[in-house]
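Here is the structure we will look at, set down as structure tokens.
Values quoted throughout were computed directly from the atomic coordinates according to the rules given, and no laboratory measurement underlies them. These numbers were taken from a predicted model, which means no experiment stands behind them. Cβ sites come from the backbone with ideal geometry, for glycine too, and all protein chains shown count toward neighbours.
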Amino acid sequence: MDIQSIRAQIPALASCTYLNCGTFGPTPTTVAEEAVRLTRLIENKGPYDRDVNDEILGLFEHSRRDFAKYVGATPDEIALTRNVSDGINIVASGFDWSPGDEVIITNEEHPSGSLPFLNLTERYGVKVKLLTFQSNVERLLADLDDLVSDKTKLVFLSHVSTVDGARLPAKEVGEFLKLKNIPYMLDGAHAVGQFPVSMKDLGCDFYAGCGHKWLLCQQGTGFLYIAEDWITKLKTSWVGWGMAEDYDLDSLSYTSLKTAQRFEFGTRYWATHASAVKALEFHNNIGPENIYTRSHDLAAQLKRRLADIPGITIKTPMDRLDSTGIVCFSTAGLNHPEPGNWLWKNHRILTAHNPDTKSMRIAAAFYLLEDEIDLLADKLSELAS
Ligand SMILES: Cc1ncc(COP(=O)(O)O)c(C=O)c1O
């Protein structure tokens with residue numbers, strides 16, 4: 001991988017050290033320029049100019065095919081959403097819930113992974129059970145086995161923990177749940193673009209992901225995978241033009257599309273997904289495996305350095321297979337209450353730091369330099385001395 005030529009395609013990297021890519025970083029020039037080109041086209045000519053409309057909708061479908069291919073699904077199994085939260089809500093509201101039904105989620109869900117289910121508790125009396133997020137397969141499956149019951153209607157788990165970047169043995173969970181015939185959904189917000197994911201391999205029924213984190217797409221590029229046999233079983237809650245094959249006001253009936261597009265409706269900003277085509281091209285040209293390897297190498301380097309800094313406690317698993325490019329650690333032992341602000345103001349190093357929990361989350365994205373990882377460690381050492 002020629003890292004310098006890759007970095008030249010993301011010029012913002014020259015002006016600051018982006019260690020928070022997982023929570024939005026700069027996009028490559030090709031993506032930014034495509035977004036501007038499409039916006040200009042739409043605003044100058046109007047979205048329903050025939051040529052504009054053909055181009056935008058053509059690229060929108062192109063991006064559906066690209067996302068589908070990227071995750072090993074068919075385009076019919078992909079709904080293009082605004083974000084990961086959309087996908088989770090579509091599934092959470094797609095079952096006929098009754099009081100006493102049970103949903104299992106992990107204790108490390110992002111608010112967008114827990115609130116849609118807590119909302120079901122409020123509305124329908126659904127019981128939410130918490131599974132401890134852990135990377136050890138045997139312990140995870142044993143705990144899951146203790147929690148499932150004949151009332152379990154859905155198991156929803158983060159593929160990668162938003163708290164510390166630990167990786168779930170998601171495939172083994174899929175095999176376990178398949179035997180029990182329990183629907184299975186994964187939140188892939190921090191998995192997609194970090195390492196290759198394959199829907200069929202994971203054995204999940206639903207998978208919510210996005211391009212706007214690790215794939216370096218524009219904001220607003222979510223997708224939801226719905227396994228073929230679920231497309232017509234999952235109920236639609238929000239409907240409108242674009243999701244039906246036909247409707248008839250005389251008979252007061254309609255027929256929904258037979259693809260995951262039945263979960264898309266109404267006017268939206270199609271150009272956002274259209275520019276994702278360029279981001280996936282950028283990613284695929286570098287190669288998902290290369291990206292995975294480099295990012296994990298950088299994370300390993302960072303963990304090695306952090307382990308030597310007094311006052312820092314690493315929370316992310318050290319084992320490569322159990323973790324990702326995200327490295328999370330406690331900053332409680334450092335001599336500064338807000339090291340994230342200090343790093344930004346003094347050294348233009350962008351991190352994600354939570355002063356309340358005194359923890360810092362670093363995204364060791366593939367495009368970083370080894371020197372930048374060392375720079376962070378050096379600066380944190382200064383706060384430790
Ligand atoms: C694990 C996880 N799930 C869901 C979300 C929400 O994603 P979105 O903003 O695309 O809805 C996030 C956002 O950071 C996340 O980390």
TODO: Work out from phi, with θ = phi - 60° and the Karplus expression 6.51 cos²θ - 1.76 cosθ + 1.60, the ³J(HN,Hα) of each residue of the range 76-93, listed in order in whole Hz, and give x for Gly and Pro.
DONE: 5, 8, 10, 9, 8, 10, 7, 6, 5, 4, 3, x, 5, 5, 4, 6, 4, 9
Open item on the list: Can you list residues from other chains, or at least 5 along the same chain, whose modelled amide H is less than 5 Å from the amide H of residue 152?
Closed with: 102
Task: Inter-label distance, nm, simple model (7 Å from Cα along the C-beta direction), residue 258/residue 96 - done: 2.3
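Give, in nm to one decimal, the length gained when the segment between residue 332 and residue 369 is fully stretched (0.36 nm per residue of separation minus the Cα-Cα distance). Don't jump to the answer; show the numbers that get you there.
On the way: separation 37, 0.36 × 37 = 13.32 nm, distance 2.68 nm.
Full-extension gain reported as 10.6 nm.
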Open item on the list: Can you give me the distance in nm between label points at residue 322 and residue 124, each placed 7 Å from the Cα along the Cα-to-Cβ direction?
Closed with: 3.6
- [ ] For residue 364, enumerate residues with amide H under 5 Å from its amide H, sequence gap 5+ or separate chain, H modeled in the peptide plane.
- [x] 326, 327
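For the chain, which semi-axes, largest first and in whole Å, follow from the square roots of 5 times the eigenvalues of its Cα gyration tensor?
Numbers: eigenvalues 251, 164, 58 Å².
The answer is 35, 29, 17 Å, longest axis first.
Would you mind putting 54-62, 189-197, 113-121 in packing order, based on average other-beta-carbon counts within 10 Å, highest first? Please list the in-between numbers first.
Values: 54-62: 16.2, 189-197: 24.4, 113-121: 18.3.
Order by mean packing, descending: 189-197, 113-121, 54-62.
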Open item on the list: Test of understanding: ordering 3, 231, 88 by Cβ neighbours within 10 Å, fewest first, what list do you get?
Closed with: 3, 231, 88
Task: Residue pairs, from the table 213/278; 178/200; 127/213, whose Cα atoms sit over 20 Å apart - done: 127/213
Task: Calculated FRET value between residue 138 and residue 289, using beta carbons and R₀ = 22 Å, to 0.05 - done: 0.20
Task: Rough spin-label spacing in nm, given labels placed 7 Å along Cα→Cβ, for residue 304 and residue 232 - done: 5.6
Open item on the list: Using each residue's phi in the range 163-171, evaluate 6.51 cos²θ - 1.76 cosθ + 1.60 at θ = phi - 60° and report the 3J(HN,Hα) Karplus result to the nearest Hz, with x for Gly and Pro.
Closed with: 6, 9, x, 5, 9, 8, x, 5, 5
Open item on the list: I need the calculated FRET efficiency for the pair residue 313 and residue 265, taking r as the beta carbon distance and R₀ as 41 Å, to the nearest 0.05.
Closed with: 0.30
TODO: Could you list the residues of the range 368-385 with an amide nitrogen less than 18 Å from a label point located 7 Å from the Cα of residue 7 in the Cα-to-C-beta direction?
DONE: 368-379
- [ ] Specify whether the C-alpha gyration tensor of the range 287-384 places it in the rounded, prolate or oblate class, a ≥ b ≥ c being the square roots of the eigenvalues: rounded for a/c under 1.5, otherwise prolate if a/b is larger than b/c and oblate if not.
- [x] prolate
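Where both partners of a DSSP beta bridge lie in the range 287-384, what percent of those bridges are antiparallel, to the nearest 5?
Values: 10 of 10 bridges.
The antiparallel proportion sits near 100 percent.
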TODO: Go through the range 276-284 residue by residue and turn each phi into a ³J(HN,Hα) via Karplus (6.51, -1.76, 1.60, θ = phi - 60°); whole Hz please, and just put x for glycine and proline.
DONE: 5, 4, 5, 5, 5, 5, 4, 5, 5
- [ ] Normalising by the residue count of the chain, find the relative contact order in percent from Cα pairs under 8 Å and 6+ residues apart.
- [x] 21
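Is it possible to state the helix-based mean residue ellipticity at 222 nm for the chain, with each DSSP H run of 4+ residues giving -39500 (n - 2.57), the sum divided by total residues, to the nearest 500 deg cm²/dmol? What is it? Write out the running numbers ahead of the final one.
On the way: 12 runs with 154 residues, N = 385.
So the helix-based figure for the chain works out to -12500 deg cm²/dmol.
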TODO: Sort out for me the Cα centre separation of the range 137-202 from the range 11-50, rounded to whole Å.
DONE: 33
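Order these peptides, 70-82, 238-250, by their mean beta-carbon neighbour count within 10 angstrom, highest first. List each step's numbers first, then the result.
Numbers: 70-82: 21.2, 238-250: 11.5.
The most tightly packed comes first, giving 70-82, 238-250.
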